[in-house]
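Remarks on the structure that follows.
Read-outs throughout are calculated quantities, based only on the coordinates presented, and are distinct from any laboratory measurement. All values reported here derive from a predicted model rather than from experimental measurement. Cβ coordinates were reconstructed from backbone atoms using ideal geometry, including for glycine residues, and neighbour counts include every protein chain displayed.
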Number of protein chains: 2
Amino acid sequence: MALGMAWGMAWGMVQGRVRKGRAGLGRSACWAGARPVWCARQQEVNPRVSFPAVQTRADQASAPNGEDALTALVGLVREDLEACNRQIVERMQSPVALIPQLAAHLIAAGGKRLRPLLTLAAARMCGYRGDRHVRLAACVEFIHTATLLHDDVVDESDLRRGRASANAVFGNQASVLVGDFLFARSFELMVEDGSLEVLRILCGASATIAEGEVLQLVIQNDTSSTEEQYLDVIEGKTAALFAAATRVGAVVADRPVAEAEALDAYGRNLGIAFQLVDDALDYSAQQEKLGKTVGDDFREGKITLPVLLAFQRGDEAEKVFWRRVLEEKQQEEADLPHALALMQKHQAFTDTIGRARMYGDKAIAALDGFPDNAEKRALVGVVEFCIARAH
Amino acid sequence: MALGMAWGMAWGMVQGRVRKGRAGLGRSACWAGARPVWCARQQEVNPRVSFPAVQTRADQASAPNGEDALTALVGLVREDLEACNRQIVERMQSPVALIPQLAAHLIAAGGKRLRPLLTLAAARMCGYRGDRHVRLAACVEFIHTATLLHDDVVDESDLRRGRASANAVFGNQASVLVGDFLFARSFELMVEDGSLEVLRILCGASATIAEGEVLQLVIQNDTSSTEEQYLDVIEGKTAALFAAATRVGAVVADRPVAEAEALDAYGRNLGIAFQLVDDALDYSAQQEKLGKTVGDDFREGKITLPVLLAFQRGDEAEKVFWRRVLEEKQQEEADLPHALALMQKHQAFTDTIGRARMYGDKAIAALDGFPDNAEKRALVGVVEFCIARAH
């Protein structure tokens with residue numbers, strides 16, 4: 001059964017359940033017409049959207065490269081991933097219909113499922129043959145989704161961005177509260193798993209993510225931020241969950257601490273590389289091919305490595321420019337092209353990707369101690385996939 | 001040592017730690033001047049504010065009434081509460097200084113510590129002599145604080161309210177992210193406790209709180225909401241945490257399931273009574289004595305029992321009024337006094353308090369099976385305290 005099909009079926013099941021609801025809590029704003037604003041927007045939020053079908057080529061796991069690497073990984077753990085998707089759909093349910101409706105906006109609307117894939121593959125690489133990793137992979141995806149929902153909450157000052165993020169469709173409050181629900185649900189899933197070690201790892205990661213996000217807010221619009229601070233931010237907001245996602249793979253497989261630590265190091269370095277590439281892509285034409293807008297970070301005054309490198313290497317006139325656009329947020333139409341030209345001049349983009357490559361190599365090296373198998377090759381391939389997005 | 005003193009000392013300790021920080025994460029926006037907007041507001045957020053000293057009268061625990069009941073309760077568990085306050089201060093720390101700074105805005109700025117007090121007293125009533133309940137009480141307060149922070153996040157449409165809530169001082173994004181940190185930290189505290197049963201109770205409550213909050217959002221501005229839906233909201237957003245807070249008291253004391261369920265019922269009914277009184281107070285002059293504004297719920301179009309009763313008992317002209325002010329949010333200066341008059345006419349306030357009394361009685365009855373002791377009397381007294389706020 002194709003992944004997309006399994007997902008579509010799961011969705012049908014879910015819709016039936018949501019419509020029945022529980023007495024007193026089953027009424028949704030949209031289908032009972034309580035808040036016309038949401039009803040009018042239902043087209044934008046169609047929760048029946050299918051998880052895109054993936055062409056799997058498990059036999060190519062030995063030579064993964066870029067997109068192929070992710071495909072190979074999906075092929076290797078396809079059944080686990082289908083089970084994980086079913087768990088996700090099942091456990092994002094609530095008698096309060098707005099919850100699955102809003103969650104679907106992010107969870108069902110595609111996404112690579114990269115983090116849960118890492119948990120599934122790490123566990124299998126460690127020789128695990130049970131199914132605990134499926135629930136934990138769902139749990140990792142819930143934490144990620146909650147973070148995305150909370151990430152997109154806008155501040156008074158940012159209201160004009162008007163993106164089609166969940167908060168733009170449903171409002172800040174709903175995004176925050178559904179994010180809270182998914183956080184709480186992820187902890188419930190962990191408790192069902194029953195391992196205090198797993199709980200420790202994932203709860204710790206959740207606190208670290210929040211710290212990273214707050215630090216990002218603190219250094220935002222501040223060109224005097226350091227590379228070290230930037231690294232603290234991405235280690236927190238991105239790499240901590242990657243590390244936890246892979247580490248729990250070793251824990252469910254009951255492997256020695258050294259292997260758990262190796263998988264932690266793999267995930268952490270991969271996460272840093274992933275975020276570095278993401279931050280470089282924000283200033284790359286490549287971004288448009290991925291259906292995203294160039295310069296979002298620029299408009300928000302987000303401090304990322306490409307900006308820091310261009311700022312640090314710039315002369316005084318350039319520094320004045322960066323301060324005006326990022327700190328004072330005085331931006332004109334020609335500023336983004338000028339910023340891109342300065343980055344080009346100072347090799348900020350290339351060097352950011354080079355840094356990502358370095359962390360990617362560390363991630364691969366962390367797997368050295370594991371015996372060669374298809375999952376290990378796929379995990380190595382994921383590093384290629386992350387870096388290849390830049391090209 | 002007075003409670004206020006212990007709290008002040010703990011704060012001094014904390015400040016020292018925050019200022020040292022960890023390399024790379026120790027810089028705060030406020031004292032490094034990165035975001036002048038926060039610096040200018042530092043006066044409003046003085047994190048050195050002391051937890052108000054409480055005049056304890058433990059010897060009066062036998063005859064508690066209203067405020068006295070809370071004082072009696074504090075007197076009974078004073079040492080535990082001091083230990084709990086120390087835990088709270090210690091565990092809200094982070095190398096990212098904005099986190100304790102923002103958390104202090106809510107946690108240190110007073111608050112009755114009602115929920116943690118319930119955990120402490122419930123455990124002691126069950127004969128518990130260890131100190132696990134202290135950490136769990138801190139955990140309960142963290143969940144409560146995170147909820148408050150997320151509650152206050154405003155939507156685009158609500159920007160004009162401009163209250164001095166944390167989000168008004170620090171912005172939506174910071175409030176959301178620090179709330180997430182406190183949520184995650186509370187789960188870390190539970191994991192440290194190590195009981196899966198406790199984790200199950202508190203994680204379940206967290207998911208239920210989020211469901212209640214989302215449902216509240218769904219029925220907001222909808223005068224066709226039912227009393228059953230309103231009850232679902234307050235059971236979720238308020239009573240679930242009261243129930244969990246008291247239930248864990250029986251669990252740490254290793255008491256039989258029947259006692260855990262009795263304490264759950266006590267907390268749940270108390271929580272419903274508490275919220276009913278809160279919702280009545282929003283339309284009462286009494287509210288001003290408590291330093292809060294009358295009619296906040298009215299202005300937001302929040303559906304609470306006083307409104308539902310007045311709406312249901314009103315004639316067609318009155319229903320038109322309620323729909324205009326709550327659904328269409330077309331409010332003029334004379335509307336709040338008119339709403340109050342309609343509530344008076346239909347005994348909406350009195351009947352809401354009557355309903356609170358009924359749930360309060362249920363809460364007291366739930367304690368029937370427990371042997372008489374000072375903690376039990378104090379818990380009965382807390383019910384009096386909650387109801388007495390209305391008068």
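Assorted remarks:
- All-pairs Cα distance distribution in region A:171-292, expressed in whole percent, bin size 10 Å: 12, 33, 35, 17, 2
- Euclidean distance of C-alpha centroids, region A:209-274 and region A:82-126, integer Å: 21
- Cα-based Rg / Dmax (Å) for region B:75-388: 19.8, 61
- Qualifying aspartates and glutamates (Cα of each under 17 Å from Cα of residue A:112; at least 8 residues distant if same chain): A:67, A:68, A:79, A:80, A:82, A:141, A:278, A:384
- Per-residue average of Cβ from other chains inside 10 Å of B:84-95: 1
- Across identical copies of the chain, residue A:197 has label-point separations of 2.5 nm, listed in ascending order, with the point defined 7 angstrom from Cα along Cα→Cβ.
- Working note: Karplus 6.51/-1.76/1.60 with θ = phi - 60° gives region A:277-285 the couplings 5, 4, 6, 6, 4, 4, 10, 10, 4 Hz, where Gly and Pro are set to x.
- The distance separating the Cα centre of region B:319-391 from that of region A:173-208 comes to 34 Å.
- With neighbour counts taken as other beta-carbon atoms within 10 Å, the residues A:139, B:84 rank, fewest first, as B:84, A:139.
- Partners for residue B:302 among lysines (Cα-Cα distance below 23 Å; same-chain residues under 8 apart left out): B:237, B:289, B:292, B:319, B:329, B:345
- Estimated FRET transfer efficiency (residue A:93, residue A:288; beta-carbon r; R0 30 Å; 0.05): 0.25
- Approximate spin-label separation residue B:332-residue A:315, in nm, with each point projected 7 Å along Cα-to-Cβ: 6.6
- Available extension along the chain between residue B:391 and residue B:324 is 21.1 nm, counting 0.36 nm per residue and deducting the alpha carbon span.
- Residue-wise HN-Hα couplings along region B:215-221, as the Karplus relation 6.51 cos²θ - 1.76 cosθ + 1.60 with θ = phi - 60° gives them from phi, are 4, 4, 5, 5, 8, 3, 6 Hz; Gly and Pro carry x.
- Divided by 2.2 N^0.38 Å, where N counts the residues, the Cα radius of gyration of region A:249-391 comes to 1.27.
- Pairwise FRET efficiency - residue A:257 versus residue A:300, Cβ, R0 = 30 Å, nearest 0.05: 0.15
- Residue-by-residue Karplus 3J(HN,Hα) for region A:169-177, coefficients 6.51, -1.76, 1.60, Hz, glycine and proline x: 8, 9, x, 4, 4, 4, 4, 5, 6
- Taken over the C-alpha atoms, region B:276-335 has Rg and Dmax values of 11.7, 35 angstrom.
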